[in-house]
Every structure is written in C-alpha cells, then in structure tokens.
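The values are calculated or read from the model by the stated rules, or taken from the named source; none is laboratory data. Owing to the predicted nature of the structure, the values given are computational and were not obtained by experimental measurement. Virtual Cβ from ideal backbone geometry, glycine too; neighbours counted across all protein chains shown. Surface accessibility is based on the protein's heavy atoms, side chains included, excluding ligands, DNA and RNA. Shrake-Rupley method; radii C 1.70, N 1.55, O 1.52, S 1.80 Å.
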Amino acid sequence: MTELLGIPPQVLFGQMLIGLINGSFYALLSLGLAIIFGLLNIINFSHGAQYMLGAFAAWLGLQYFGVNYWVALVLAPVCVAAFGILLERTLLRRLYREDHLYGLLLTFGLALIIEGSFVHWFGVSGQPYAVPESLQGGQNLGFMFLPTYRGWIIVASLVVCFGTWYMIERTRLGAYLRAGTENPQLMQAFGINVPLLITLTYGYGVALAALAGVLAAPIYQVSPVMGSNLLITVFAVVVIGGMGSILGSILTGLLMGLIEGLTKVFYPEASSTVIFLVMIIILLVRPAGLFGKEA
Amino acid sequence: MTSANRADYEQLRLADLHAFYGESHILHGIDIKVNRGELVTLLGRNGSGRTTTLRAIMNMVGKRTGSVMINGRETLDVPAHQIARLGVGYCPEERGIFASLNVEENLMLPPTVRSGGMSLDEIYDMFPNLYERRTSQGTRLSGGEQQMLAMARILRTGANLLLLDEITEGLAPVIVQKLGEVLTQLKNKGLTIVLVEQNFRFAAPLADRHYLMEHGTIVEEIQAHELQDKMDILNTYLGV
Ligand SMILES: Nc1ncnc2c1ncn2[C@@H]1O[C@H](COP(=O)(O)OP(=O)(O)O)[C@@H](O)[C@H]1O
Ligand SMILES: [Mg+2]
C-alpha cells in the first residue's frame, strides 16, 4: 500500500474519520449555541449538561423502560427540550434585559447542579450503551474500514445541521427567527408572539444538544462529565466561527474536527490543543471570528 | 364611505393616556378620537411626544395608564403582540427594515391580521420598485424604497388602522409626492390613518384633522377647514 508523506492511508483516513465525527458533534452543539445566542442573547453554558442529559435519557430509557435506540433518538431530545423549556420559562426569562454575563452565570450554575446531581446518582465512571443492531458492523471502502455507526453519526448530524440551516434561511418560520433576532420589539408590533418564539427556540437548541448526546452514547461512555469536557472545545469552535452565524457554526465545527484529526496524524502532541491555537490566531487576526460580522 | 358612517364609528380613542419610559413620564394625559376612514395627523416639534403616542397605542412603552380603545375595545391590558391582531398596522419612525431578510421576505413577514389586505401583486403594482428589487437584502434599498417597503408590508396584513411615523422624513420630493398619492388611495379605500409628521405642507392637503402636541400633551385640535384661520397657532407650535 502506498504511503502519503510517510503515513499509511488507513491511518490518515481513520483519523480524518474520527475528526469528522468529532466535527459533527462540534457542529451540532455550536449550531444550538448560535441559535440560542441569536434570539435569547444568552450564552448557554448548560449546553454540555443538556448534551449529557440526552445521552443519559437514552441510557435510562433503555435500562429501565426498554426504550430502543431509534425511539430514544426522538424521545430523549423531546424530554430534555421540555426540561430546557421549563428552565427558560422559570429562570432565563428574567435575564433577557440584563447583561450577557447574568445568563452565562445562571446557565453555568445550572450545569454544575445538573452534573453534580448525576455524579451523585451514577458516579463518574461511564455506562456503556450498545450500538443498535442495525448499525453494527462496517464497510471496507478499500482505502479504509468504515464502521457503520460512525458513518451514521456523520450522515445524521449533517442532515440535521443543514436541515436546520435550511429552515432558518429559507422558510417563513426561519424569517421570524431572523427578524426576531434583529428587532424583537417590532416583531411584537406585527403580531408575533415573541416570548413563545424565544421559548421554542431555546427548546430547539437544547434538543440539538440532547440529540448529539444520544448519537454519542454508543461511541463514548455515558457519563455525567461527558458534556463539560466537550463544551470547552465547542466554545473555542464558537469563538473561531464567530457568535451568531448559523452556517458559520456548522462549517467551523466540521472544519475544526478535521483539523484536530489531521493534527493527530502529523503532530499528535498538539492534537488536544490545536483548536485553542487556532482560536488564539483567529482572535488576533479576526476578532469577530471567521463568519462573524465586525461590530 | 359616507360621512354619516364615519361619524358613527370610533376606530381609535385615547383618553387621559399617560406613558412612561422607566422613570420618565413622557405623555401627560392625551385625548384623541379618530373615526373610521379619517386621516388625522399628530403635529409637533421634535421631542413633543408624537412617536411615544404611537408606541403607547402599540403597548411598546414601559408603562401606560388611562384608556386606549381600538375598534371599540379597551386594550390597556392587551399584550403587545396582540395589538396588531385588532387590525393595527404600525410603521415605525426608523422604518425597521430587516437586514437579514430580502425585500420579499420583509414584505411577507407581518402576519395577516384581517381579511381584505392587498395581495402581493397589488402591492407590486403600487410600488414597482419593490418588485424589481424583491430579492435584494432589505437594507440595501435606498431610503425612499425602504420607506415604501415599510408601508407596503403593513398594507398586506389587512390592517384597517394605520399608524405612520414620519414617513416623509429625509426623502426626495418625488418620493414624498408618491407617498402622498399612496395615502390618498388608502384613504379612498376607507382605511383609518394616524400620521405623525414634521412636513406640514405634506400633511395639510391630506388630513381631515390635526392634533398639535407639545411636552406630551395635546395643545390644540384643528379641523382641516380651520387651517387658514389658525396658521398663527401652528406657527407658534411648529415654527413653520
Ligand atoms: N426610550 C426612551 N426612553 C426615555 N425617554 C424617551 C425615550 N424615547 C423618547 N423619549 C423622550 O420622550 C420625549 C418624546 O419623544 P418622542 O415621542 O420621540 O417625540 P417626537 O416623536 O414627537 O419627536 C422626548 O423628550 C424623548 O427624549
Ligand atoms: Mg418621533
């Protein structure tokens, strides 16, 4: 088998695949953050905890109620979104007029409480979640072996991300969302129930996080801290892409996953820090982010 | 619409309306009555409270007391997003064209609030420029085109009470003339219009009545036919 720059292609493509998978999670999570920030003006630090809740909802559903993966894929995001909506209605709602910082502190505190409770109940060690039967095994693509479940993660998140992008950029509901982000007061004057729009938007952003959690359950351990580890990286991705851009958050997420994967091949020592290095460079040359608008 | 019919129906009535932004008390007991099919202006200097009056009608101020009757219904406790549903179309002073929406999306944005609104075709007939630029980003339009767009989008909704804030501000004379023609057409259709204006020459031939505002109060009500006799009062308050 020929080698590229002294790297066997299986290794190269294998790492790129892992990079794409991580990138899919970055994209799903930063997309949710971007949508929430756009309309609510809140940096949702509970996002990692909500991702974790998605994975746990799937695991608990299977463990105690025999809910299979496919049902969990829909049910877990719905349940976690309902929990998110409850938080929005009772707590977040009070902070919209305040500085970003208040929302950040509140959601950060909520994340600590949620994660702390789950550590208390389930311990820090992860719980395994089996790959659903129909997605076991894999394909030999010639240049590499593709586990079916990993392929499924990439396809599913791409479909959800670009479906969301289409909904926001091309539909009437999306026009409400964009206009509400720009000038909520005028939207109210036109007869749009903006508080309801805000609640549903938060619910949708949270559902995206929970969906990522369910997708992640079979490949990572289901553990109370799975979200907080990931969220730090996702925030770096958001900074790189620029807050508030829908397409930007999707593309940056995928790109950063790939860069991380390639770094693992060519300079493994830097693979866990490369995203932060990119972030620093971007902050120096383009503070508003790759896709952000200069203020 | 006959004059008897007009006199019969109160489309809008403000009684002892006070409005506040936080601690600032802006409107000090406004009384205004607008019958169906009338075009009434709010005239006054900058800062006299005309915009605040429209915003108070829309429930877009911090706090308000008194009474706002729209279509015979008390609306002081109606949430902001339900005011439009009573048939009110609001065109704000800053126009409020959305940058993230193209012209047609801007046009289609406000939901229909009553039947009988203009169709997209009728609107493009009235404003051919908007048709040509329908795929442009809303804020790429010229000031005049943005103003046409801000007017056009509330005509689509079927609103029969229009609140228009300084629609001629900063626009070229040909465009002001065009807006005058549009207002005449809308009046002929029987729409009720409250027009906030600086440009007295524009408002005078269109309006049935004028309210003069100063320091958040109504200081004078002038019928169209009394205008000539009361020019000196107008001069005092407007400096025209
Ligand atoms: N958002 C606001 N907060 C506090 N005061 C305001 C606000 N908007 C307007 N005002 C004050 O209310 C008064 C009336 O303003 P406005 O209704 O805009 O007048 P006009 O439209 O006649 O020029 C002015 O003194 C203005 O400074
Ligand atoms: Mg004004």
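Can you work out the Karplus-derived ³J(HN,Hα) for every residue in region A:88-99? Use 6.51 cos²θ - 1.76 cosθ + 1.60 with θ = phi - 60°, whole Hz, and x for glycine or proline.
In residue order, the calculated couplings are 5, 5, 8, 10, 4, 3, 6, 9, 4, 7, 8, 4 Hz.
Once amide H atoms are placed 1.01 Å from N in the peptide plane, what residues at a sequence separation of 5 or more from residue A:138, or on another chain, have their amide H within under 5 Å of its amide H?
A:148
Pairwise over distinct Cα atoms, reciprocal of the mean inverse distance: report the Kirkwood radius of chain A in Å, one decimal place.
Roughly 19.8 Å, rounded to one decimal.
Using unit Cβ charges (K, R positive; D, E negative) and no other charged atoms, how large, in debye to the nearest 20, is the dipole of the protein assembly as shown about its Cα centre?
Its charge dipole is roughly 680 debye.
How well do other chains shield peptide B:106-115, expressed as the mean number of their Cβ atoms within 10 Å of each residue Cβ?
3
Ignoring ligands, DNA and RNA and using a 1.4 Å probe, state the total buried accessible area between A and B in Å², rounded to the nearest 100.
1700
Over region A:34-167, consider all pairs of different Cα atoms and compute the Kirkwood hydrodynamic radius from their mean reciprocal separation; express it in Å, one decimal.
17.2
At a 1.4 Å probe radius, carbon and sulfur cover how many percent of the accessible area of chain B?
Accessible surface attributable to carbon and sulfur in chain B totals 46 percent.
Please list B:125, B:77 from largest to smallest accessible area, probe radius 1.4 Å, with all protein chains kept in place.
B:77, B:125
According to a simple spin-label model (label point 7 Å from Cα along Cα-to-Cβ), what is the distance in nm between residue A:173 and residue B:65?
4.3
Apply the a/c threshold of 1.5 to the C-alpha gyration tensor of region A:189-291 and tell me whether it is rounded, prolate or oblate.
Oblate, since a/c reaches 1.5 and b/c is not below a/b.
Could you order the peptides B:155-165, B:28-38 from most to least packed, using the average number of other C-beta atoms within 10 Å per residue?
My ranking of the peptides, most packed first, is B:155-165, B:28-38.
If you count only protein heavy atoms and use a 1.4 Å probe, how large is the accessible surface of residue A:96, to the nearest 10 Å²?
60
Non-local amide H neighbours of residue B:102 (under 5 Å, H modeled in plane, Pro and chain starts lacking H): which ones?
Sorted by chain and number, the residues that satisfy this are B:138.
Take each of the peptides B:87-96, A:41-50, B:182-191, average the number of other beta-carbon atoms within 10 Å over its residues, and list them starting from the highest.
The peptides rank, most packed first, as A:41-50, B:87-96, B:182-191.
Suppose a student asked you for the relative contact order of region A:129-169, using Cα pairs under 8 Å spaced at least 6 residues apart; what percent would you report?
That works out to 26 percent.
Test of understanding: what is the full-extension gain from residue A:280 to residue A:146, defined as 0.36 nm times their sequence separation minus their Cα-Cα distance?
Gain in length upon complete extension: 44.9 nm.
For the modelled label position 7 Å from the Cα of residue B:125 along Cα-to-Cβ, which residues of region B:168-204 have backbone nitrogen atoms closer than 15 Å?
Those under the cut-off are B:182, B:185-186, B:189.
Once the Cβ-Cβ distance between residue A:65 and residue A:193 is put in as r, and R0 is 41 Å, what FRET efficiency do you end up with, to the nearest 0.05?
0.75
With a 1.4 Å probe and every protein chain left in place, work out the accessible area per residue of chain A in Å², rounded to a whole number.
Per residue, chain A has an accessible area of 45 Å².
Shielding of B:96-103 by partners, i.e. mean partner chain Cβ atoms within 10 Å per residue?
Mean shielding count: 5.
Could you let me know the centre-to-centre spacing of region A:257-288 and region B:83-155, using Cα atoms, in angstrom?
Each part's Cα centre sits 45 Å from the other's.
Taking every residue in A:174-180, how many Cβ atoms of other protein chains lie within 10 Å of its Cβ, on average?
So the per-residue partner count for this stretch is 5.
Based on the Cβ-Cβ distance of residue A:266 and residue A:136, what FRET efficiency does E = 1/(1 + (r/R0)^6) give at R0 = 35 Å, to the nearest 0.05?
E between residue A:266 and residue A:136, to the nearest 0.05, is 0.65.
Taking a label point 7 Å from the Cα of residue A:96 along the Cα→Cβ vector, which residues of region A:168-199 have an amide N closer than 12 Å to it?
Backbone N within reach: A:180-189, A:192-199.
Hey, what number do you get for chain B at 222 nm if only DSSP H runs of n ≥ 4 count, each worth -39500 (n - 2.57), divided across all residues, to the nearest 500?
It comes out at -8500 deg cm²/dmol, rounded to the nearest 500.
So how much accessible area does residue B:135 have, in Å² to the nearest 10, using a 1.4 Å probe?
110
Within region A:187-230, which residues have the backbone N less than 12 Å from the label spot 7 Å out from residue A:119 along Cα→beta-carbon, could you tell me?
Inside the label zone: A:224-226, A:228-229.
Is the protein assembly as shown rounded, prolate or oblate when judged by the Cα gyration tensor, a ≥ b ≥ c being the square roots of its eigenvalues, rounded requiring a/c under 1.5 and prolate requiring a/b larger than b/c?
prolate
Using r as the Cβ-Cβ distance of residue B:77 and residue A:112, and R0 as 45 Å, what FRET efficiency do you calculate, to the nearest 0.05?
The calculated FRET efficiency here is 0.65.
Output wanted: per-residue J couplings in Hz (rounded whole) for region A:170-186, from phi through Karplus 6.51 cos²θ - 1.76 cosθ + 1.60, θ = phi - 60°, x for Gly and Pro.
Along region A:170-186, the couplings run 10, 10, 5, 4, x, 5, 4, 5, 5, 5, x, 5, 6, 8, x, 5, 5 Hz.
Taking square-rooted eigenvalues a ≥ b ≥ c of the alpha carbon gyration tensor, is region B:1-116 rounded, prolate or oblate, where a/c under 1.5 means rounded and, failing that, a/b exceeding b/c means prolate?
Oblate, since a/c reaches 1.5 and b/c is not below a/b.
How much length is gained if the chain between residue B:135 and residue B:177 is pulled fully straight, taking 0.36 nm per residue apart and subtracting their Cα-Cα distance, in nm to one decimal?
Between residue B:135 and residue B:177, full extension yields 12.5 nm more.
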